[in-house]
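Working notes, structure below.
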Amino acid sequence: MIDSNNREYKQVVDDYYPILPKYPALCELEEMCEICDRIEGYIENEIYYDRKYAMHFYDIKRSYQYENDKYVIVVPECISDILEEAAKQHNCLYSYVWLVASGYTTIVFMREKSNVYKSLITIEIRNGVLRQAYRAFNKIPNEQEQKFIEEFAKEKNLIFDIDYNEEDDDEWIEEEDEAV
């Protein structure tokens, strides 16, 4: 018999599974199991990770508040915000939870002001360097978004150290922008 706490826990874990491929290749099963175990570990120890993150939260929020007329930087309030962003972005952000909780790196979200709850771009800052800024599936931000990210970095005295590999992403960005 499953008690209500186990059922609630299973639902929380199931909510994070969308970041994983539905039918991974056999060669990827071990990695998928490790990802599931890691996410479950974060959820089981959420209070610990949130307390650790809370030690840095207000400094991060104060340091990285920024907006213009179209975009805003949002600081995640807890570890579950980071896991939700990973699920929405379909990227490896879940693997940064320990680094974020311990203060080794900082994750902030770039949102459109018109819809601050909709995931747009995830940004990593470490040691005064803006290291990563990507859309879902690690796609490159469009030109307007890149301009905002560069303005944000300049305003916050961050070194902008992103070298986007422009392969075929230009086509995807144009198609994506036209669909909006």
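The values are calculated or read from the model by the stated rules, or taken from the named source; none is laboratory data. Just so it is clear, the model here is predicted, and its values are computed rather than measured. Positions of Cβ are generated from backbone atoms using ideal geometry, with glycine treated the same way; all protein chains shown enter the neighbour counts.
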Scan the stretch 112-120 and give yes if some residue there is at pLDDT 95 or above and buried (at least 17 other Cβ atoms within 10 Å of the Cβ), otherwise no.
yes
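Mind telling me which of the residues E77, E85 ends up being within 25 Å of G41 (Cα to Cα), free of Cβ contacts under 8 Å to residues at least 24 places away in the same chain and out of contact with any Lys or Arg (no Cβ under 7 Å at 6 or more places or on another chain)?
After applying the criteria, what remains is E77.
Just name the residue that is modelled with the lowest pLDDT out of those in the stretch 121-144 that are over 15 Å from E67 (Cβ atoms) and exposed (fewer than 13 other Cβ atoms within 10 Å of the Cβ).
Step one: filter the stretch 121-144 for residues over 15 Å from E67 (Cβ atoms), giving 122, 124-143.
The next check asks that each one be exposed (fewer than 13 other Cβ atoms within 10 Å of the Cβ); those that pass are 127-128, 137, 143.
Numbers: N127: 94, G128: 94, F137: 89, E143: 93.
Restricting to residues being over 15 Å from E67 (Cβ atoms) and exposed (fewer than 13 other Cβ atoms within 10 Å of the Cβ), the top hit is F137.
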Within the stretch 59-84, residues being surrounded by fewer than 13 Cβ atoms within 10 Å (Cβ to Cβ) and either touching a strand residue (DSSP E or B) at 6+ places or on another chain (Cβ under 7 Å) or modelled with pLDDT under 90 (or both) number 1
